[in-house]
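Colleague: Have a look at this one before I ask anything.
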Amino acid sequence: MPITVVGSIAYDTVKTPFGARERMLGGAAVHFALAASFFDDVRVVGPVGDDFGEAQLEVMSRRGVDVSAIERVAGGRTFFWQGEYGWDLNSRETLDTQLGVFEGFEPKLTPAALASDVLFLANIQPDLQRDVRAQLPDARFVALDSMNLWIDIARDSLVAAIVSVECVSLNDAELRQLTGKPNLIGAAREVLSWKPAPGAPGRGPSVVVAKQGEYGAALVTSESFFALPAYPLEKVVDPTGAGDTFAGGLVGYIAAHPGEELSDELLRRAMAHATVLASFNVEEFGTERIERLEGPEIGARIEQLHAMTQFSGAQLALRG
Ligand code: AMP
């Protein structure tokens with residue numbers, strides 16, 4: 001099922017202990033789209049400024065991503081984000097965020113984007129996420145990602161966006177911050193209990209994905225729990241966009257299996273593909289590794305991840 005994604009299309013300036021890049025291609029929607037393009041058709045919705053290069057658009061179109069709903073705003077500046085990571089890459093400081101063309105942006109979706117069955121509301125102002133959600137009232141599967149900034153400055157709008165989707169993907173710290181609950185499972189179940197107001201789109205979330213960086217990710221529904229470790233890598237260079245790449249793998253895999261109901265079984269396989277896609281993303285800066293990634297490399301890592309997360313079902317003879 002074709003996927004539409006709305007979210008930041010950005011220039012990122014990033015410093016990690018392993019190097020630095022100035023104004024490289026980034027943005028939540030870009031990382032998502034590149035990952036999801038391994039599974040299904042993807043259309044990106046969002047604005048860029050005059051400063052956005054053709055070469056950056058080509059990174060997406062080379063992977064078959066439909067960029068025709070990316071709007072170039074004359075005289076505008078592309079979204080810009082600058083961040084720096086600590087020595088173990090677990091902490092990140094945002095040094096600058098410039099919304100640029102996203103300020104006051106009114107999304108106009110192309111007919112192809114409007115016809116998508118699957119919608120991903122990647123990280124951006126929640127008002128904008130809700131605007132796009134309202135334009136696709138009949139989408140069959142809608143997922144959303146966000147971040148601490150929007151919990152801080154636009155919580156009510158973010159909650160309204162969350163109750164309009166099936167699947168919410170957040171970092172564990174963001175889930176705790178959003179709900180005020182210190183326990184991760186408690187926080188996830190709280191989000192699962194939220195329902196839209198009568199007449200508002202959606203039925204409320206039924207799946208929460210809690211991303212835990214180098215420790216992997218957990219999937220919580222009202223009846224079940226599943227978790228996978230991150231794929232073990234000896235060298236991580238730049239975690240920027242890992243969460244969006246993870247979401248691209250997850251949503252892309254679900255979109256590519258339209259005949260299947262959203263069972264635990266399907267969600268678990270989607271989590272494995274998300275984990276593997278994210279593992280490639282962090283091996284190099286920005287989109288560099290995913291741009292060169294090939295399908296068989298994904299397949300090989302899926303098999304390895306499968307092997308390393310198995311254990312025998314035999315019961316131990318316990319004392320006492
Ligand atoms: P992640 O590492 O998964 O949190 O995603 C990082 C990406 O999100 C970068 O490519 C940034 O351009 C983008 N980003 C950072 N801050 C924001 C924000 N406030 N709104 C939207 N996108 C952002």
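The values are calculated or read from the model by the stated rules, or taken from the named source; none is laboratory data. These numbers come from a predicted model, not from an experiment. When we count neighbours, we look across all protein chains shown, and the Cβ atoms used for this are built from the backbone with ideal geometry, even at glycine. SASA here: full protein model, heavy atoms, side chains in, ligands and nucleic acids out. Shrake-Rupley method; radii C 1.70, N 1.55, O 1.52, S 1.80 Å.
Colleague: Looking for something within 26 Å of ASP131 (Cα to Cα), within 16 Å of the ligand (Cβ to nearest atom) and buried (at least 16 other Cβ atoms within 10 Å of the Cβ) - is there at least one such residue anywhere in the range 83-94?
Modeller: No - not one qualifying residue is present in the range 83-94.
Colleague: Give the range 100-144 a look and list any residue that's open to solvent by less than 10 Å² (accessible area, probe 1.4 Å) and without any contact (Cβ under 8 Å) to a residue 60 or more places away in the chain, or say none.
Modeller: PRO126, LEU144
Colleague: Only one residue in ARG176, ARG189, ARG130 is farther than 16 Å from ALA247 by Cα, outside any loop (DSSP other than H, G, I, E, B), among the basic types (Lys, Arg) and within 16 Å of the ligand (Cβ to nearest atom). Which one?
Modeller: Going through ARG176, ARG189, ARG130 in turn, just one is farther than 16 Å from ALA247 by Cα, outside any loop (DSSP other than H, G, I, E, B), among the basic types (Lys, Arg) and within 16 Å of the ligand (Cβ to nearest atom): ARG130.
Colleague: Then there's this: Among (1) touching a strand residue (DSSP E or B) at 6+ places or on another chain (Cβ under 9 Å); (2) modelled with pLDDT of 95 or more; (3) within 14 Å of the ligand (Cβ to nearest atom), there is one condition MET271 misses while meeting the rest; what is its number?
Modeller: Among (1) touching a strand residue (DSSP E or B) at 6+ places or on another chain (Cβ under 9 Å); (2) modelled with pLDDT of 95 or more; (3) within 14 Å of the ligand (Cβ to nearest atom), the lone unmet condition for MET271 is (3).
Colleague: Return the total of residues in the range 66-75 being touching a strand residue (DSSP E or B) at 6+ places or on another chain (Cβ under 7 Å) and open to solvent by 70 Å² or more (accessible area, probe 1.4 Å).
Modeller: Result for the range 66-75: 1.
Colleague: May I pose another question? Filter the range 44-65 for residues that are open to solvent by 40 Å² or more (accessible area, probe 1.4 Å), touching a strand residue (DSSP E or B) at 6+ places or on another chain (Cβ under 8 Å) and either within 19 Å of ARG133 (Cα to Cα) or part of a helix (DSSP H, G or I) (or both) and give the result.
Modeller: GLN56
Colleague: Okay, next question. Give the range 148-191 a look and list any residue that's among the hydroxyl-bearing types (Ser, Thr, Tyr) and buried (at least 18 other Cβ atoms within 10 Å of the Cβ), or say none.
Modeller: Across the range 148-191, the qualifying residues are SER164, SER169, THR179.
Colleague: Would you say MET24 is in contact with a strand residue (DSSP E or B) (Cβ under 7 Å, 6 or more places away or on another chain), more than 11 Å from the ligand (Cβ to nearest atom), touching a residue at least 12 places away in the same chain (Cβ under 8 Å) and over 15 Å from VAL251 (Cβ atoms)?
Modeller: Spelling it out, it is not the case that MET24 is in contact with a strand residue (DSSP E or B) (Cβ under 7 Å, 6 or more places away or on another chain), more than 11 Å from the ligand (Cβ to nearest atom), touching a residue at least 12 places away in the same chain (Cβ under 8 Å) and over 15 Å from VAL251 (Cβ atoms).
Colleague: In the range 101-119, which residues are away from the ligand (no atom under 11 Å from the Cβ) and either under 21 Å from TYR11 (Cβ atoms) or in a loop (DSSP other than H, G, I, E, B) (or both)?
Modeller: VAL101, GLU103, GLY104, PHE105, GLU106, PRO107, LYS108, LEU109, THR110, ALA115, SER116, ASP117
Colleague: Among the residues of the range 73-81, is any more than 21 Å from the chain's Cα centre (by Cα), in a strand (DSSP E or B) and over 19 Å from THR4 (Cβ atoms)?
Modeller: Scanning the range 73-81 turns up at least one residue that is more than 21 Å from the chain's Cα centre (by Cα), in a strand (DSSP E or B) and over 19 Å from THR4 (Cβ atoms).
Colleague: Right, another one. Answer yes or no: is there a residue in the range 192-200 that is hydrophobic (A, V, I, L, M, F, W, C) and either crowded, with 19+ Cβ neighbours inside 10 Å or closer than 30 Å to ASP88 by Cα (or both).
Modeller: No, that holds for no residue.
Colleague: Being crowded, with 16+ Cβ neighbours inside 10 Å, among the polar types (S, T, N, Q) and away from the ligand (no atom under 16 Å from the Cβ) is true for just one of THR13, THR78, THR4. Which residue is that?
Modeller: Just a single option satisfies the conditions, and that option is THR4.
Colleague: Quick one: count up the residues across the range 16-36 that are crowded, with 21+ Cβ neighbours inside 10 Å and part of a strand (DSSP E or B).
Modeller: 3
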